[in-house]
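The values are calculated or read from the model by the stated rules, or taken from the named source; none is laboratory data. All values derive from a computational prediction rather than experimental measurement. Here the Cβ positions follow ideal geometry from the backbone for every residue, glycine too, while neighbour counts run over all protein chains shown. Side chains are part of the model used for accessible areas, which takes the heavy atoms of the whole protein and leaves out ligands, DNA and RNA. Shrake-Rupley method; radii C 1.70, N 1.55, O 1.52, S 1.80 Å.
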Amino acid sequence: MDFPGELHGRLVLPHDPDWHTARMAWQLAVDQQPAAVVFAASAQDVSATVLAARRAGLRVAPQGTGHNAAPLGELNRTILLRTDLLGEIAIDPLTRIARVGAGVRWLQLTDAAAKYGLMALAGSAADVGVVGYTLGGGVSWFARSHGLASNQVVAADVVLADGTLVRADADTHPDLFWALRGGGVAGVVTALEFRLFPMTETQAGLLAWPIEQAPTVLSAWRRWVDDVPDQVTSLGRMLRLPPLPDLPEPLRGRSLVAIEAVCDLPAPQADALLAPLRALAPELDTCGTTAVADLHLLHMDPPYPVPAAGDGMLLSGLPSGALAAFLGMTGAGRDLPLLSVELRHLGGALRPGIVRGGAVDGLDAEFALFAAGITPDAASVVAVHAVLDELRTAMSPWEAATGYRNFAERSRGRFDAPEVAARLRAVKTAYDSDDLIHANHPIS
Ligand SMILES: Cc1cc2nc3c(=O)[nH]c(=O)nc-3n(C[C@H](O)[C@H](O)[C@H](O)COP(=O)(O)OP(=O)(O)OC[C@H]3O[C@@H](n4cnc5c(N)ncnc54)[C@H](O)[C@@H]3O)c2cc1C
């Protein structure tokens with residue numbers, strides 16, 4: 001492979017001793033077999049990799065962590081461009097803007113922001129990549145009050161498909177800037193700049209009951225979300241937890257129905273709102289004042305790579321028939337290979353057009369469904385995919401017309417309204433006409 005100049009990072013090839021570690025995605029069940037792996041240590045390395053790939057007739061797949069590696073597909077004509085080493089974090093407390101390298105993971109940023117009394121629109125998991133999550137939209141614990149994370153982006157440094165490094169913002173490369181906020185990137189982002197918000201504490205926690213109580217609990221939660229203010233972001237989920245030692249003792253090995261909520265409200269107001277759910281006598285109740293920097297613990301996402309498979313869809317509503325279908329698929333009567341099946345309440349500031357910004361300026365749906373199972377072997381992959389298919393079919397009457405990239409872990413064509421899709425295609429044609437960039441959810 002012919003790299004212009006010296007790499008500051010590393011090129012790893014199939015005969016190298018650490019090849020199998022280098023090609024590994026966070027989703028351990030995804031067996032990535034690229035032509036080569038580059039660990040870029042600078043924007044210049046990214047540019048050199050793009051030029052080397054072009055000369056060799058290869059493509060380039062940017063990857064922060066590999067949380068959403070499953071839809072990438074065949075990589076044998078692609079260089080896997082890992083951004084782990086791009087670890088810059090700079091926070092300006094006056095403008096409340098964070099500048100974050102493409103290798104930064106959420107916990108690193110939320111901890112750094114907390115030192116200034118600031119919070120970022122982070123997702124539920126500590127080790128998801130800030131850049132990958134934000135480029136895909138970003139549904140945080142403050143999604144209903146603040147909208148998608150991507151709409152808080154003010155600028156991005158992008159290496160284009162011809163190897164040049166540009167800054168994309170509202171004035172420079174505005175179409176590229178529009179597209180990368182939720183719609184897809186026709187290049188490799190080396191750093192993102194976005195707004196943070198002043199906040200150190202919030203009201204948050206989990207309520208849990210034995211899974212047999214799911215019909216009562218989820219029906220009550222479904223009615224409850226109709227009246228909560230936009231400061232409340234919550235989800236209802238069915239959990240079938242393995243007996244793992246790093247899970248809290250009361251949850252280990254249990255099958256539960258749970259509600260997780262963040263209420264960005266004073267404690268007495270949050271308590272008053274939660275009263276009807278607490279009246280259902282949860283076996284576990286952790287709701288109370290919580291440091292924003294600790295919110296990554298709320299959803300109990302695995303803090304290390306796992307072999308897993310998942311998928312999601314947006315629902316235009318959750319009427320009683322939809323909830324009955326959901327419970328029929330996921331309730332106590334079923335022996336499911338799914339660790340978690342959740343329904344996230346959307347709406348509020350997630351409604352399109354409320355927080356204006358990029359290609360995806362909201363989610364035109366009322367709920368997001370996401371399900372995942374652990375897949376240690378090939379048979380479990382087949383079993384989990386079969387159930388994901390069954391769940392999708394059961395919920396398809398309520399599927400929204402658009403999708404959400406971050407919760408899509410299997411390739412799917414349609415995420416956007418036709419006019420947005422057409423504009424995204426024009427950006428892709430202008431910036432990457434020969435499709436050098438290999439994305440998990442390509443602009444097609
Ligand atoms: C346990 C878990 C919890 C999650 N919680 C949430 C949540 O609360 N809210 C939410 O919205 N989503 C959530 N997600 C989904 C997550 O946001 C997506 O999987 C996201 O794509 C992960 O980004 P990543 O960089 O970590 O993954 P990667 O697989 O590394 O990246 C995904 C894709 O992003 C693109 N990309 C990444 N980096 C770059 C770059 N530098 N330049 C150009 N393109 C790039 C590439 O196309 C890449 O294939 C969760 C996922 C998991 C597994």
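Side notes on the structure shown:
- The percentage of C-alpha pairs in region 288-377 whose separation is greater than 14 Å is 75%.
- Label reach from Ser219 (point 7 Å along Cα→C-beta): in region 327-364, amide nitrogens under 14 Å belong to 327-328.
- Counting only protein heavy atoms and a 1.4 Å probe, region 3-126 has 41 square angstrom of accessible area per residue.
- Distance (nanometres) between label positions extended 7 Å along Cα→Cβ at Trp19 and Ser411: 2.4
- Packing, taken as the mean count of other beta carbons within 10 Å per residue, orders the peptides 36-47, 322-333 from highest to lowest as 36-47, 322-333.
- If a spin label sat at a point 7 angstrom from the Cα of Ala56 along the line to its beta carbon, the backbone N atoms of region 6-25 nearer than 17 Å would be those of 6-24.
- Ignoring the sites themselves, the chain has its longest run without GluC sites (Glu not before Pro) in a DSSP loop having at most 16 other Cβ atoms within 10 Å at 89-282.
- For the chain: rounded, prolate or oblate by the Cα gyration tensor [a/c cutoff 1.5]: prolate
- Sorting Tyr116, Tyr431, Tyr304, Tyr133 by solvent-accessible area of protein heavy atoms yields Tyr116, Tyr304, Tyr431, Tyr133, largest first, with a 1.4 Å probe.
- Three-way shape call for region 1-155 based on the alpha-carbon gyration tensor, with the a/c threshold at 1.5: prolate
- Virtual paramagnetic centre 7 Å along Cα→Cβ of Glu6, amide N under 18 Å, in region 32-62: 39-49
- Euclidean distance of C-alpha centroids, region 352-415 and region 152-228, integer Å: 16
- Once C-alpha pairs closer than 8 Å and six or more residues apart are averaged by separation and normalised to the residue number of the chain, the relative contact order reads 18 percent.
- Taking every alpha-carbon pair under 8 Å whose residues sit at least 6 apart, region 10-82 reaches a relative contact order of 39 percent.
- Alpha-carbon Debye profile of region 387-426, log10 I(q)/I(0) at 0.22, 0.25, 0.29, 0.31 Å⁻¹: -0.81, -0.96, -1.12, -1.17
- Taking every alpha-carbon pair in region 201-407 and binning the separations at 5 Å intervals from zero gives 1, 7, 15, 19, 21, 18, 13, 5, 1, 0 percent.
- Rough spin-label spacing in nm, given labels placed 7 Å along Cα→Cβ, for Arg77 and Tyr304: 3.8
- Estimated purely from DSSP H runs of n ≥ 4, each contributing -39500 (n - 2.57), the mean residue ellipticity at 222 nm for the chain is -7500 deg cm²/dmol once divided by its residues.
- Sequence-separation-based contact order of region 221-351, relative, with Cα cut under 8 Å and 6+ spacing, percent: 39
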